[in-house]
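The values are calculated or read from the model by the stated rules, or taken from the named source; none is laboratory data. Quick caveat: nothing in here was measured; it's all calculated off a predicted structure. Glycine also receives a Cβ, built like all others from the backbone with ideal geometry; neighbour counts cover every protein chain displayed.
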Amino acid sequence: MLVLSNNFNFMQRILFSLLFLSTYCFSQETDSLALNQSKKQDSVKILNKKEIKTKLIEDVVITGTIKPISKSKSPVAVEIYTQKFFQKNPTPNIFESIAMVNGVKPQLNCSVCNTGDIHINGLEGPYTMILIDGMPIVSSLSTVYGLSGIPNSLVDRIEVVKGPASSLYGSEAMGGVINIITKNALTAPKLSVDLMTTTWNENNVDLSTKFNFGKNVASLLSLNYFNYTKRFDYNKDNFTDAALQNRISIFNKWNFQRKENRLASFALRYLYEDRFGGEMQWNKSYRGSGDVYGESIYTNRVEAFGVYQWPLKENIVTQLSYNFHDQNSFYGNNPFMATQKVAFAQTYWDKKLGNHDLILGVTFKRTFYDDNTPGTSSSDGFTNEPMKSPILGAFIQDQWEINEKNTLLLGYRFDYDKIHHSVHSPRFAWKFSPNPYHTLRFNFGTGFRVVNLFTEDHAALTGSRDVVIQSNLKPEKSINGNLNYMWKIPVGDKLLNLDASAFYTYFSNKIVGDFDTDPQKIIYDNLHGYGISRGASLNVDYSFSFHLSVNVGVTYLDVYQKFDGENEKSQQLHAPKWSGTYNLTYKFKNNVTVDFTGQFYGPMRLPVLPNDYRPEYSPFYNLANIQVSKSFKSGFEVYCGVKNLFNFTPKDPLMRPFDPFDKNVDDPINNPNHYTFDTTYGYAPMQKIRGFMGVKYILK
């Protein structure tokens, strides 16, 4: 049963007023729009062949080869998702939206504060490189604490590359790349407003406007504010079902129109977030104390990034970025204070030589990182030694169009830092396309990653387990392969699109957290053996002639480690064997659209304790959403719907929530199995079924 709040807050009253006003003022458009639609039916039938040809014209992508190229010609498989795709299930940030992409899973790493990371093809969040406008803005601290602070209002489109991309973006891009491409101020709407609220009092405001300074300069100013401060505890464990959040993000981007369409842009973003999850009676006077348990995280973050194409005959481009991330947090009485500064510079030269498209580039990345954990202490453990790691790199890539059917891509990257010295990252890609309807792509690359344990693994900080580092942690190394096949099947005047992939990653070393040996410890060590991540995925989309479009995806994963001297393989935590997405959209003639979206997940292994009463594997579950929206000629759009339609929530996400500080963990009568408070078991959001509604307005 849908739970409605009895007392609507101020924003909800505004939204109801806007809903009523927009519906009343613009309802007369319905008849005329329906008439126009009916007049167009015959013309649509006449355009059968033209429509198919139009659908074969691909979008331009950047992420696969660092330069703009049509999707059909790219030897690297790139998936493109526009802002309209994510608006089918409106969410306040990228972290929640990306769940709509098949094979990409936003994983909640903590059942209390709800921070998480993004998994691609079963590989954990640190193996996913997240770019903003092609630059590595999101890394280390922000892979866990900054993803939820990226609002959808910034997004023009998102490009996803599943599989190795090491020669272009660094050897850490083992699992894949998510490139968030922000709006262009020159082409952005003059004004954009999006107000949304839910029956759980989650309030989201997106405002953006642009300013023109002559014909060649434009500035986009965007504000996102998200507020969720009402506490719910439907499972009666005395802990908040969802983390409270008070977040603001301010974004300003400048684009410049130059001769010969040379690139020039610059952007700034500031993020502040106050996040809390914990016992229902917690308030800020308990922050850091051992009396009432709460996880309180203050985040301050500044980003700056830009691109400039040199005024030369040759195509030379320079990219610059800098980010500052300050973390002030407590997990119960366990403090985590961290500061990270990352500066990045890259210059590349793009040269066309006959059938060869050559790119040569040099990079520089400097990271400063300091925290209050053993991760930045000296070898004797008595002094603090912040990490300062400059990395110099160079890369070369040759995309060779052998003929109309075959394209070969060869790449090589060399990085050097003072600790690990030389790092070599080769890359190979091949595309075979006998005609516009069939395309086969194969990609191969290597991975090399230095683990920042306390910034990347939330389990090392939260809960009450002691962290044990068994030995000197070495860099992770892997080889990666990906095979992709795309088939466009003409069906009447439409195209049925099939996109199938198979992937394989072999880890010769991997840092593994052992949750099983000792219930009071997490033991980290190098992998004495090997690790495998393999699987396959399939996406199918089709638009019927009766205004229905369907997009369905399914992914199979087999992710495990094999330890020396053991016969059985150990399945990776939080990696379901089966998962998938679905998206059904029906458009009525009166500009009313119904979207039915969701994700389903098969059983996944969870971190249980010895003699745990909770099952080791999660059940199959489905997170479904439905939305009804109506757009008007005036630029208004109203929408409403229901999230988590089937009302699924995990059972027993917390171990011993009544004793979060483990004061009675050694009680032989009431706790004979020595269970400890544990927050890592959660595998899905705890938010029950809830309604949402919103209003948009765009002035072009």
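Given the condition polar (S, T, N, Q) and closer than 21 Å to N203 by Cα, answer yes or no: does some residue in region 637-647 qualify?
yes
Test each condition in (1) farther than 30 Å from S285 by Cα; (2) out of contact with any Lys or Arg (no Cβ under 8 Å at 6 or more places or on another chain); (3) buried (at least 16 other Cβ atoms within 10 Å of the Cβ) for T376 and report the one that comes out false.
(1)
Identify the single condition in (1) of a type in the set (A, V, I, L, M, F, W, C); (2) within 25 Å of T128 (Cα to Cα); (3) touching a Leu at 6+ places or on another chain (Cβ under 7 Å); (4) at pLDDT 90 or above that L483 does not satisfy, given that it satisfies every other one.
So the condition that L483 fails would be (3).
Is it fair to say N179 is part of a strand (DSSP E or B), of a type outside the set (A, V, I, L, M, F, W, C) and modelled with pLDDT of 95 or more?
No.
Suppose we filter region 664-679 for residues that are touching a Leu at 6+ places or on another chain (Cβ under 8 Å) and either surrounded by 18 or more Cβ atoms within 10 Å (Cβ to Cβ) or among the acidic types (D, E) (or both); how many remain?
5
Please specify each residue of region 458-480 satisfying the condition of being hydrophobic (A, V, I, L, M, F, W, C) and modelled with pLDDT of 80 or more.
Answer for region 458-480, where residues must be hydrophobic (A, V, I, L, M, F, W, C) and modelled with pLDDT of 80 or more: just I479.
Which pairs turn up if I take residues in region 230-243 that are in contact (Cβ under 8 Å) with a residue 60 or more places away in the chain and look for partners that are aromatic (F, W, Y) with beta carbon separation below 6 Å, at least 6 apart in sequence or on another chain?
D241/F232; D241/Y234
Filter region 98-128 down to the residues that are part of a strand (DSSP E or B) and of a type in the set (V, I, T), then identify the one that is modelled with the highest pLDDT.
For region 98-128, the residue satisfying everything is V104.
What are the residues in region 565-604 that are part of a loop (DSSP other than H, G, I, E, B), in contact with a Pro (Cβ under 7 Å, 6 or more places away or on another chain) and hydrophobic (A, V, I, L, M, F, W, C), if any?
M604
Could you list, in sequence order, the residues of region 541-565 that are of a type in the set (D, E, K, R) and more than 25 Å from G103 (Cβ to Cβ)?
D564
Which residues, counting only those in region 553-600, are in contact (Cβ under 8 Å) with a residue 40 or more places away in the chain and polar (S, T, N, Q)?
Result: T555, Q561, Q572, S579, T581, N583, T585, N590, N591, T597, Q599.
All but one of (1) surrounded by 17 or more Cβ atoms within 10 Å (Cβ to Cβ); (2) over 23 Å from the mean Cα position of the chain (by Cα); (3) over 26 Å from L699 (Cα atoms); (4) not polar (S, T, N, Q) hold for Y228, so report the exception by its number.
Of everything listed in (1) surrounded by 17 or more Cβ atoms within 10 Å (Cβ to Cβ); (2) over 23 Å from the mean Cα position of the chain (by Cα); (3) over 26 Å from L699 (Cα atoms); (4) not polar (S, T, N, Q), Y228 misses just condition (2).
Does Y601 satisfy being out of contact with any Asp or Glu (no Cβ under 8 Å at 6 or more places or on another chain), surrounded by fewer than 20 Cβ atoms within 10 Å (Cβ to Cβ), more than 20 Å from F85 (Cα to Cα) and among the aromatic types (F, W, Y)?
No: the conditions fail for Y601.
Within the group F324, F364, which residue is closer than 15 Å to Y298 by Cβ and part of a strand (DSSP E or B)?
F324
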